[in-house]
Amino acid sequence: MTTHPADNPHSSPAPEGSGAGRLHPITLVPGDWIGPETCRIAQEVLDAAGARIDWDEQVLNADTVDQVAASCRRNGVALCARVDASPTPGRVPPTIALRKALRTWAAVRPVRPLPHTGARFPDLDIFVVRETSEDIYAGYEHEVTDGVYEAIKITTEAACERIARWAYHVATRHGRRKVTIVHKSNIMKQSDGLFLRTAQRVGAEHPDIETEEVIVDALCMKLVRWPQNFDVLLMGNLFGDIVSDLVSGLAGGITAATTLSYGDGVALFSNPHGKAPDLVGRNLANPLPMIQAASYMMRHLGETDIHERLQRAMAQVLRDGVRTPDLGGSHTSTQVRDAIIARL
Ligand code: ATP
């Protein structure tokens, strides 16, 4: 019998941070729409940066979820573009099915704007850490009677502890000073009360990191006014879904929306946008969001030098005015690629 990952609150998506310079086996899901062309560019940029990667390219659709999940488990790391989620009757969208198959339980969104990307707060530097295995967002719903539906919010102490430990791990690893626990325990006293209490208990084990708590609606108000006051935000599944996009919006949109999803022994790096059907095949899609996902993947693999060089090269390219039309420029995707490679 397989155990639910929440059974082990100490579970971890290793192999984080090991093996700079080695050959990394990585699953690639080029996805649909502009996914294949932006993934290709990300691969070329990684290659130019000196990353040594053994790509295991996979097509993800409703029929291949098990095969792609096996590849992700085997390699431990995957770079994923957006996949067509057109509903297949009786089946969940392939990306969600893949995350369920891999039992991912954490999503981390590092939000740090690149320059000249329209960020309202250019100095923002926040990690949003979101539990993704339970809560009302898990989608357990049913019809009680005609015209009445019920959605179930599940909160377990094990999953709360696991995500809290991951948030403090992220804070420690990245030298952060504060974790803010986000909740609505004034209304959902039992479920969110458990989330808050558990996170506070884990926080007490980290006296070097400040722990504070804030109710989610107050957080949203504070975020749009004083986002610089926040550092690592820890929250459940539904609030995390909403707040991640709020913070990305403050930081300039699609280039600040990389999502890092973690399960036991597996980490997926993706760009949640990147559909852009009007741009497919026109060499006009902005490749930076996919390169950002690839850059964070390199950092996860311990290739900090490659990550930092990519960050600097992207910043320089933007500063020099090399940008695709969505950022107000007139350059093509491949011109942006070439400019990055030239600056690496
Ligand atoms: P959906 O609403 O289903 O999420 P969408 O295409 O509207 O699909 P996104 O893919 O999230 O949503 O994109 C939002 C907007 O940003 C769209 O106008 C899209 O064209 C644009 N966009 C997304 N990714 C890129 C990109 N890499 N380069 C340029 N524009 C992009």
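Each residue in the range 245-257 was checked for being at pLDDT 95 or above and more than 10 Å from Ile126 (Cβ to Cβ), and 1 pass. The set of residues from the range 79-134 being touching a strand residue (DSSP E or B) at 6+ places or on another chain (Cβ under 7 Å) and of a type in the set (Lys, Arg) comprises Arg99, Arg103, Arg109, Arg130. Could you check, for the range 113-135, whether at least one of its residues is within 17 Å of Leu223 (Cβ to Cβ), open to solvent by 20 Å² or more (accessible area, probe 1.4 Å) and in contact with an Asp or Glu (Cβ under 6 Å, 6 or more places away or on another chain)? No, the range 113-135 contains no residue that is within 17 Å of Leu223 (Cβ to Cβ), open to solvent by 20 Å² or more (accessible area, probe 1.4 Å) and in contact with an Asp or Glu (Cβ under 6 Å, 6 or more places away or on another chain).
Would you confirm whether any residue within the range 213-222 is open to solvent by 80 Å² or more (accessible area, probe 1.4 Å) and among the hydrophobic types (A, V, I, L, M, F, W, C)? Yes, the range 213-222 has at least one match.
Listed here are the residues, each with its yes/no results for (1) surrounded by 15 or more Cβ atoms within 10 Å (Cβ to Cβ); (2) among the hydroxyl-bearing types (Ser, Thr, Tyr).
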| residue | (1), (2) |
| --- | --- |
| Tyr137 | yes, yes |
| Arg177 | no, no |
| Leu194 | yes, no |
| Thr198 | yes, yes |
| Val202 | yes, no |
| Asn237 | yes, no |
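When you go through Leu194, Leu238, Leu246 one by one, which is the residue that is under 25 Å from Gly118 (Cβ atoms), of a type in the set (A, V, I, L, M) and outside the structural domain of Ile41 (by TED's automatic domain parsing)? Answer to the selection: Leu246. Among the residues of the range 286-304 satisfying the criterion of being part of a loop (DSSP other than H, G, I, E, B) and within 16 Å of Pro113 (Cα to Cα), which is nearest to the ligand (Cβ to nearest atom)? By that ranking, first place goes to Asn286. Each residue in the range 55-88 was checked for being of a type outside the set (Asp, Glu) and in a loop (DSSP other than H, G, I, E, B), and 13 pass. Considering every residue within the range 306-326, establish whether at least one is closer than 21 Å to Arg82 by Cα and assigned to a helix (DSSP H, G or I). Yes, the range 306-326 contains a residue that is closer than 21 Å to Arg82 by Cα and assigned to a helix (DSSP H, G or I). Quick check, is Leu60 within 16 Å of the ligand (Cβ to nearest atom), in contact with a Cys (Cβ under 8 Å, 6 or more places away or on another chain) and aliphatic (A, V, I, L, M)? No: the conditions fail for Leu60.
Those helices (runs of 4 or more DSSP H) of the range 121-240 in which at least 3 residues are over 18 Å from Trp105 (Cα atoms) and within 21 Å of the chain's Cα centre (by Cα), considering only elements entirely within it, cover 216-225. Taking the range 98-108 as the search range and keeping residues that are open to solvent by 20 Å² or more (accessible area, probe 1.4 Å) and in contact with a helix residue (DSSP H, G or I) (Cβ under 7 Å, 6 or more places away or on another chain), which one is farthest from Arg165 (Cα to Cα)? So, considering only residues that are open to solvent by 20 Å² or more (accessible area, probe 1.4 Å) and in contact with a helix residue (DSSP H, G or I) (Cβ under 7 Å, 6 or more places away or on another chain), the one farthest from Arg165 (Cα to Cα) is Ala101.
Results for (1) of a type in the set (A, V, I, L, M, F, W, C); (2) touching a residue at least 60 places away in the same chain (Cβ under 8 Å); (3) away from the ligand (no atom under 16 Å from the Cβ), shown as yes or no for each residue.
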position: Asp241; (1), (2), (3): no, yes, no
position: Leu246; (1), (2), (3): yes, no, no
position: Ala251; (1), (2), (3): yes, yes, no
position: Thr258; (1), (2), (3): no, yes, no
position: Val266; (1), (2), (3): yes, yes, yes
position: His273; (1), (2), (3): no, yes, no
position: Leu284; (1), (2), (3): yes, no, no
position: Ile306; (1), (2), (3): yes, yes, yes
position: Ala315; (1), (2), (3): yes, yes, yes
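The values are calculated or read from the model by the stated rules, or taken from the named source; none is laboratory data. In this text, all values refer to a predicted model and were calculated from it rather than measured experimentally. Cβ atoms come from the backbone with ideal geometry, glycine included; neighbour counts cover every protein chain shown. Side chains are part of the model used for accessible areas, which takes the heavy atoms of the whole protein and leaves out ligands, DNA and RNA. Shrake-Rupley method; radii C 1.70, N 1.55, O 1.52, S 1.80 Å.
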